[in-house]
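Read the structure below first, then the notes.
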Amino acid sequence: MIFALFAGFVVICTSGNAEAKSPSSKNSLLHYSGALAGSASFNALNCTLRSGHLVGLGDYAAIGKSTGPNITFFAAHDDGTGQHLGFVPTGKNQQHFYFNTRATDTITGLDTTQITNNGTITFKHVELHNPGATHDRLTLSGTLRCTSITR
């Protein structure tokens, strides 16, 4: 079990016997537009659920890489609220092209209601901003599929 402090929240990453394969192992694809335009494909996404709610998402293939695509998500509460989403576009450096959004409840346009049924997370015009550049914004649309689910 790994504990990390991120933006004042404790993020817990675990592995072990609680991991189960998702019904779908197809690639995940997000399209982005705004300050940059393109698509990001993800092959190895781990989703963490608590009480049936998505509380964590990570792209294991991107850990330790300095360039995208990379996506991270966590919820501060077991009911899936207090959400934070971070994204680095394809081929971009996370130091200069990190886009994020957060919400005290849930992020507008992010649909996690199908996570327990088929392991999918749908993005419909989810708006992100670059905290280092006040006018840089991205909009994400598409579907992510969990390749593994930790409960």
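Restricting attention to the range 91-116, the residues that are over 15 Å from Gly34 (Cβ atoms) and either of a type in the set (A, V, I, L, M, F, W, C) or in contact with an Asp or Glu (Cβ under 9 Å, 6 or more places away or on another chain) (or both) total 5. Where strands (runs of 3 or more DSSP E) sit wholly within the range 9-81, those with at least 2 residues that are modelled with pLDDT of 90 or more occupy 28-34, 38-42, 45-50, 53-59, 70-75. Within the range 99-111, can one find any residue that is outside any loop (DSSP other than H, G, I, E, B) and either at pLDDT below 90 or among the aliphatic types (A, V, I, L, M) (or both)? Yes, some residue in the range 99-111 is outside any loop (DSSP other than H, G, I, E, B) and either at pLDDT below 90 or among the aliphatic types (A, V, I, L, M) (or both).
Picking from residues in the range 114-141 that are surrounded by 13 or more Cβ atoms within 10 Å (Cβ to Cβ), closer than 22 Å to Asn93 by Cβ and of a type outside the set (A, V, I, L, M), the one that is farthest from the chain's Cα centre (by Cα) is Asp136. Counting only residues that are within 16 Å of Leu36 (Cα to Cα) and surrounded by fewer than 18 Cβ atoms within 10 Å (Cβ to Cβ), the range 64-90 holds 2 of them.
The values are calculated or read from the model by the stated rules, or taken from the named source; none is laboratory data. This one's a predicted model, so the numbers in the text were calculated from it and none came from an experiment. When we count neighbours, we look across all protein chains shown, and the Cβ atoms used for this are built from the backbone with ideal geometry, even at glycine.
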